[in-house]
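In what follows, a structure is listed as structure tokens, so that the remarks can point back to it.
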Amino acid sequence: MIQNFPILVVILPLITAFLIPLIGWWRKKYCLYISILSILSVFIISIYLLNSVMASGVVRYDLGGWEPPYGIEYVVDLLSIFMIILIAFISLVIAIYSKKSVEKELSDNIVAFYTLFMLLIAGLLGIVITGDLFNLYVFLEISSLTAYALIAVGEKRDALLASFNYLIIGTIAACFILLGIGFLYMVTGSLNIADLSAKLPEAYSLYPRVVLAAMIFFVVGLSIKMALFPLHTWLPNAYTHAPSVVSALIAALMTKVGAYMMIRIMFTVFGIHFVTEVIPVTSILSWVAAIAIIVGSINAIAQTDIKRMLAYSSVSQIGYIVLGIGLANSIGLTGGILHIINHAFMKGCLFLAVGAVIYQTGIRDIRDFQGIGKKMPYTMAAFSIAALSMVGVPPLCGFFSKWFLALGSIESGKWIFAVIILLSSLLNAGYFFRVLEKVWFGESPHEGVDEAPKSMLVPILILAAGCILLGIFVFIQSSFIKSIANTLL
């Protein structure tokens, strides 16, 4: 059983997704509990895999007994186990939160929601554990298709339109990625990631234009999937009109897995020399990311819908992660990977808190948040902690990823990026403090509004506590993440 843990990471949520319709036909309420049990099992397995990787190095699993590069292999290294634990933990918290929210927002689609929810988790876990490039594409499509459906499962027409736009743009991105995979297979005859990285230098010397074209296809396709400015147009409507649980899940995990794919393909498949010396992909990405950080923040300031404000904030935060990738030095990449986990906690907490407010009051307009902190003190205290962390107030987690990114910028001689990080923090303060001012000051016109139900409140508080603990104990994860960055570089 233990030697099969890598495949169980994907198989458990996949089997659960097929069981849920059968169980839901009998008892709808059991769909939630089987989902939680499945994700909890994956989380426990991921902790064991972490111990194995730390003790004895990379864990490999050959599917069907076919040895790579001819067969598909699952590879658990430092970066993939980091992502597996993050996906399992965040999805577990969101699954617990979903009980009341789904019952109210999606009362007619409970079984469909949890089926799609588990398929999405299976797809995301498959992306980060597979060592085969085409298998990665298959899991990407599974996660993308379920994300489109989860957004559309909302009862409003706007959700359907947002999902359709996301589907069109996401399909274009998938075509780019598939073309990139096809080009690499054409010149190397392999789809195994480790084998590709060994064969690409020779392939580039023989077919330089094909390899360069593949790199461009990958960068553009993954930039769309990550919602990197200016290819972010699908994101604001998708986050705004999706059900609250779906907004939190996609914002916390979907774009982070896109960042993982970019890191994996750039540094593991192509290698640091190729993306910095042969073609200056990292330099281009760092400048695009710097623009994204500012443009996303400015757009967030202009919003009055709270979910739309958080959506544009995500465009800015994705810029931080890509800036870390673009700096391509140890400190900068550490900051980028650290921001993956920090942003998952911060944005997950913010969307869940906003979902609780919508659940209790139905309000979404920032101008209507007057005094809501006095009616829902714990929910809005958690929102405030996550908001301050987004701004970068020490000792909260958001400060430290920005600190590493600033140090990485200075080390690479690009002081302008450190200035942009500081400026963006001021812009973040601008749009978050106007919400906090409404929340905590003035009398609330909302009569009879109480705190969120405990099943919603506890997950919100867990993520808020995570924002604090990840900041206070930053030296623990930063040393682990720095070892990931050094391995990649």
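The values are calculated or read from the model by the stated rules, or taken from the named source; none is laboratory data. Computed from a predicted structure; not experimentally measured. Don't worry about glycine lacking a Cβ; one is built from the backbone with ideal geometry, like all the others, and counts go over all protein chains shown.
The single residue among Tyr166, Tyr70, Tyr148 that is of a type outside the set (Asp, Glu) and closer than 30 Å to Leu196 by Cα turns out to be Tyr70.
A single entry from Leu49, Leu120, Leu63, Leu125 fulfils the requirement of being of a type outside the set (D, E, K, R), out of contact with any Lys or Arg (no Cβ under 9 Å at 6 or more places or on another chain) and closer than 24 Å to Met456 by Cβ: Leu120.
The set of residues in region 201-214 being closer than 23 Å to Leu140 by Cα, surrounded by fewer than 24 Cβ atoms within 10 Å (Cβ to Cβ) and in contact with a Gly (Cβ under 9 Å, 6 or more places away or on another chain) consists of Ala213 alone. Among the conditions (1) within 18 Å of Leu119 (Cβ to Cβ); (2) in contact (Cβ under 8 Å) with a residue 24 or more places away in the chain, the only one that Leu22 does not satisfy is (2).
Among residues of region 335-347 that are farther than 14 Å from Leu405 by Cβ, those with a Cβ under 6 angstrom from a residue that is part of a helix (DSSP H, G or I) and among the charged types (D, E, K, R), sequence gap 6+ or separate chain, pair up as Ala344/Lys256.
Thr171 meets each of the listed conditions (1) surrounded by fewer than 22 Cβ atoms within 10 Å (Cβ to Cβ); (2) modelled with pLDDT under 85; (3) within 25 Å of the chain's Cα centre (by Cα); (4) not hydrophobic (A, V, I, L, M, F, W, C) apart from (2). Among all positions in region 339-355, there is no residue which is more than 22 Å from Val257 (Cα to Cα), of a type in the set (Val, Ile, Thr), part of a helix (DSSP H, G or I) and at pLDDT 90 or above. Only one entry in Leu120, Leu150, Leu178, Leu116 is touching a helix residue (DSSP H, G or I) at 6+ places or on another chain (Cβ under 8 Å), more than 17 Å from Ala248 (Cβ to Cβ) and not basic (Lys, Arg), namely Leu178. Please determine whether any residue of region 62-69 is surrounded by fewer than 24 Cβ atoms within 10 Å (Cβ to Cβ) and either aliphatic (A, V, I, L, M) or under 25 Å from Trp234 (Cα atoms) (or both). Yes; the residues of region 62-69 include at least one that is surrounded by fewer than 24 Cβ atoms within 10 Å (Cβ to Cβ) and either aliphatic (A, V, I, L, M) or under 25 Å from Trp234 (Cα atoms) (or both). Beta carbons closer than 9 Å, at least 6 apart along the sequence or on distinct chains, pair a first residue in region 441-454 that is in a loop (DSSP other than H, G, I, E, B) with a second that is loosely packed, with under 15 Cβ neighbours inside 10 Å and modelled with pLDDT of 70 or more for Glu451/Pro377.
Table: residues versus (1) in contact with an Asp or Glu (Cβ under 7 Å, 6 or more places away or on another chain); (2) among the small types (Gly, Ala, Ser); (3) closer than 23 Å to Thr16 by Cα; (4) in contact (Cβ under 8 Å) with a residue 40 or more places away in the chain.
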| site | (1), (2), (3), (4) |
| --- | --- |
| Glu73 | yes, no, yes, yes |
| Val76 | no, no, yes, yes |
| Leu79 | no, no, no, yes |
| Leu92 | no, no, yes, yes |
| Ser101 | no, yes, yes, yes |
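Within region 471-483, the set of residues being touching a residue at least 12 places away in the same chain (Cβ under 8 Å) and more than 18 Å from the chain's Cα centre (by Cα) comprises Gly471, Ile472, Val474, Ser478, Phe480, Lys482, Ser483.
Condition check ((1) closer than 23 Å to Leu469 by Cα; (2) surrounded by fewer than 18 Cβ atoms within 10 Å (Cβ to Cβ); (3) touching a helix residue (DSSP H, G or I) at 6+ places or on another chain (Cβ under 7 Å); (4) in contact (Cβ under 8 Å) with a residue 60 or more places away in the chain) across all residues:
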| residue | (1), (2), (3), (4) |
| --- | --- |
| Met380 | yes, no, yes, yes |
| Ala387 | yes, no, yes, no |
| Val391 | yes, no, yes, no |
| Cys397 | yes, no, yes, yes |
| Phe400 | yes, no, yes, yes |
| Gly408 | no, no, yes, yes |
| Phe417 | no, no, yes, yes |
| Ser425 | yes, no, yes, no |
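Comparison of Ile72, Ile129 shows that the only residue that is touching a strand residue (DSSP E or B) at 6+ places or on another chain (Cβ under 6 Å), surrounded by fewer than 24 Cβ atoms within 10 Å (Cβ to Cβ) and either hydrophobic (A, V, I, L, M, F, W, C) or farther than 30 Å from Leu488 by Cβ (or both) is Ile72.
Looking for whichever is part of a loop (DSSP other than H, G, I, E, B) and of a type outside the set (S, T, N, Q) here; the options are Tyr48, Tyr61, Tyr70, Tyr74. Which one fits? The unique qualifying residue is Tyr70.
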